[in-house]
Amino acid sequence: MPFKTILAIIQSAEDAERVSDCAGALAARYEAHLIGLHAEALPVPYTSTIGFPDAEFIQASTEVNQERSKKIEAIFRKHTTDAGIAAEWRSLESFSGDSAHSGVASARSCDLVVAAQSGSDGASPDVDSLLYEAGRPVLITPHDAPCLASFRRVIVAWNGSREASRATFDALPFILEAESTEILLVDPPENPDVVEAGADIAAALERHGANVTVHTEASGGLATDDVIRGRLAATGADLLVLGAYSHSWLRELLFGGVTRTVLQSMPVTAFLSR
């Protein structure tokens with residue numbers, strides 16, 4: 001089933017071009033309705049020296065927020081209007097000012113969410129909110145790779161988990177269009193069920209018409225995300241499909257993990273679901 005409603009989460013002017021470009025290309029390819037969403041933080045009402053809220057500060061902050069939101073909307077509109085895409089814009093306010101957190105309700109009615117990889121400026125959206133609360137797949141656009149509307153080579157990072165299964169089937173529109181898809185197992189446990197599950201998911205995708213292979217990689221002491229990065233480079237894959245946080249969120253926060261790497265520095269477009 002193709003993506004027919006796509007939500008572009010735009011946190012800042014810095015990621016507006018990249019996210020709008022990627023989401024716009026996808027919307028054009030699938031003849032989808034595109035929603036652009038940006039949230040600004042509500043001005044904090046500081047108290048003046050005489051005990052009343054500082055009205056001038058609130059007014060000035062509101063005007064700055066409105067100006068920034070209009071600038072981001074203009075970037076989004078340029079990408080959609082020029083391409084003749086059916087689109088709408090949603091400008092929100094919230095206490096956090098985080099566009100991903102504010103966009104959870106909108107995301108629940110969409111087929112796909114597009115968001116930017118974390119930036120060094122700290123202005124990246126809280127994609128964790130989307131992954132945990134929206135129940136919809138998220139496509140992460142990388143910093144230093146082209147924005148693509150279709151993908152030639154796909155790697156599915158497979159560990160036999162519920163999250164990996166969900167992500168794989170959510171990504172089916174991309175997988176079916178790809179020239180090839182590889183099911184990648186990194187250091188599969190001695191339990192043969194995981195390896196068999198890799199073969200089973202490959203067979204299930206083949207029944208849909210996908211061209212699928214299974215590859216097992218030994219880490220040799222490297223972190224799993226480094227192994228995946230190396231395999232992406234070796235195969236020339238341009239899309240990584242991953243079940244997000246198949247280990248606990250706290251474990252990944254404290255010790256790192258593949259999901260954190262994808263959100264911060266994976267060099268190709270990533271499709272996450274859980």
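One table, with the values for the structure above:
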read-out	value
Centroid-to-centroid separation of the stretch 259-274 and the stretch 221-238 [C-alpha atoms, Å]	12
Taking only Cα atoms of the stretch 153-273, radius of gyration then Dmax in Å	13.3, 40
At q = 0.08, 0.10, 0.16, 0.19 Å⁻¹, base-10 log of I(q)/I(0) for the stretch 85-240 (Debye sum, equal scatterers on each alpha carbon)	-0.28, -0.43, -1.02, -1.30
The stretch 97-247 - percent relative contact order, Cα under 8 Å, separation 6 or more	25
Gap separating the Cα centres of the stretch 156-176 and the stretch 68-90, nearest whole Å	31
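Just so you know, all these numbers are worked out from the coordinates, no wet-lab data involved. Everything numeric here is computed off the predicted structure, so don't read it as measured data.
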